[in-house]
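Reviewing the structure listed below.
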Amino acid sequence: MNILALLLFSAFIGSMWLLPSATPILGVVLILFSLAIAISSIVKKHKQVENPRPKIAKDVLIFVLTLLLIIFFGGLAGLFANHYASLRFGAVVDFVSAIAASFAVGYLVKMGAKKISR
């Protein structure tokens, strides 16, 4: 699995230079593959439990909701950071600040979701 994930990621990065029209398709494949790995690990985790369906459904629901919150709030934070940094510093700094803000908000949402789900 790890080799396949690494191969998909390197194909995604390589497609940006060699075949830019295939990049969105490979991006979607990479996201779906990552989601499939996460959901399969949830299923393996609850395989030995008596009546695993409700627990699997709960964990998958928490995972999907957390992922959606991270994407939404990370995107908003990146958008605001990009806007305010671009007014003063330029394109490179606004890109870096948007990425940093997006990751920071994603981490905070993940930690909050862990505390709520326990």
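Beta carbons closer than 8 Å, at least 6 apart along the sequence or on distinct chains, pair a first residue in the range 40-67 that is touching a residue at least 24 places away in the same chain (Cβ under 8 Å) and on the phi < 0 side of the Ramachandran plot with a second that is of a type in the set (Val, Ile, Thr) and surrounded by 13 or more Cβ atoms within 10 Å (Cβ to Cβ) for 63/39; 63/42; 66/109. Filtered by the rule that a residue be at pLDDT 85 or above and open to solvent by less than 50 Å² (accessible area, probe 1.4 Å), the range 105-118 gives 105, 106, 109, 112.
The values are calculated or read from the model by the stated rules, or taken from the named source; none is laboratory data. No experiment lies behind these values; they were computed from the predicted model shown. Positions of Cβ are backbone-derived with ideal geometry, glycine not excepted, and every protein chain shown enters the neighbour counts. SASA here: full protein model, heavy atoms, side chains in, ligands and nucleic acids out. Shrake-Rupley method; radii C 1.70, N 1.55, O 1.52, S 1.80 Å.
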